[in-house]
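Shown next, in structure tokens, is the structure this report addresses.
The values are calculated or read from the model by the stated rules, or taken from the named source; none is laboratory data. Being a predicted model, the structure only gives us computed values, none of them experimental. When we count neighbours, we look across all protein chains shown, and the Cβ atoms used for this are built from the backbone with ideal geometry, even at glycine.
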Amino acid sequence: MKKVTLSLIVFCVFFASNCLRAQSTLPEVGTAEDGPWYYIQVKGSDAVRTNRVFAAIPDETTGNVRVMGVGKDEINSIEDVNRRLWSFEDYGNGSYIIVNKQEENVLGIWNWAEKSKDIAIVETTLSTGWKLIPVEGQEENGYFNMEATDPITSGSPYLHQGNDGWKFGL
């Protein structure tokens with residue numbers, strides 16, 4: 001059976017002034033210490049993927065902190081909130097370093113050799129920056145594709161959500 005992946009279209013939700021508001025512009029550049037902090041929401045096209053947000057979740061299988069899509073309503077603690085919040089730092093040339101609030105580490109890429117694929121993780125050492133490319137015809141809605149700026153081992157440089165709706169790969 002052919003594995004079908006969904007191109008990840010992200011919707012940045014700005015978390016500022018204690019209110020959640022959608023923006024159709026690029027995120028404000030900040031720092032890991034001071035934010036501003038954002039949810040990165042998956043647009044999705046089916047019930048499994050729709051309205052999930054990026055979260056930094058420890059994964060015992062790989063030993064990494066994986067980037068997974070989880071529901072915004074699955075929050076039971078401040079740690080759960082912080083695993084879903086991201087800051088965008090300037091990486092130069094219109095790209096960003098994306099930092100997770102809970103882990104205080106960066107969104108990156110890890111080659112899962114056993115599976116012959118690259119996956120999105122939260123790591124201590126920067127492996128790539130990220131460009132946010134507006135989705136044609138969706139600019140007013142704030143939808144962007146996320147593209148790795150540095151070389152990857154396998155696949156496309158665009159972040160996408162896997163068939164099970166929670167794993168992100170390239």
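Can you give me the number of residues within region 47-64 that are out of contact with any Lys or Arg (no Cβ under 9 Å at 6 or more places or on another chain) and either assigned to a strand (DSSP E or B) or within 23 Å of GLU114 (Cα to Cα) (or both)? Walk me through how you get there before you give the answer.
Taking region 47-64 first, the residues out of contact with any Lys or Arg (no Cβ under 9 Å at 6 or more places or on another chain) are 47-48, 60-64.
With the extra rule that they be either assigned to a strand (DSSP E or B) or within 23 Å of GLU114 (Cα to Cα) (or both), the set shrinks to 60-64.
Going through region 47-64 one residue at a time, the tally reaches 5.
Anything in region 95-134 that is part of a loop (DSSP other than H, G, I, E, B) and more than 15 Å from the chain's Cα centre (by Cα)? List them, or say none. First the steps, then the outcome.
Quick first cut of region 95-134, residues part of a loop (DSSP other than H, G, I, E, B) only: 101-105, 116, 124-129.
Residues satisfying the conditions are SER116, THR124, THR125.
State which residue pairs qualify: first residue over 16 Å from ALA56 (Cα atoms) and inside region 109-129, second residue buried (at least 22 other Cβ atoms within 10 Å of the Cβ) and hydroxyl-bearing (Ser, Thr, Tyr) in any location, beta carbons under 7 Å apart, and separation of 6 or more residues or different chains.
From region 109-129, the pairs are GLY129/TYR96.
Anything in region 43-61 that is modelled with pLDDT of 80 or more and surrounded by 14 or more Cβ atoms within 10 Å (Cβ to Cβ)? List them, or say none.
Selection gives ARG52, VAL53, PHE54, ALA55, ALA56, ILE57, ASP59.
Of the residues ASN145, ASN76, which is at pLDDT 80 or above, polar (S, T, N, Q), closer than 28 Å to ASP34 by Cα and surrounded by 16 or more Cβ atoms within 10 Å (Cβ to Cβ)?
Checking each option against the conditions leaves just ASN145.
State all residues of region 84-142 that are modelled with pLDDT of 90 or more and of a type in the set (Asp, Glu); if no residue qualifies, say none.
GLU89, ASP90, GLU103, GLU104, GLU123
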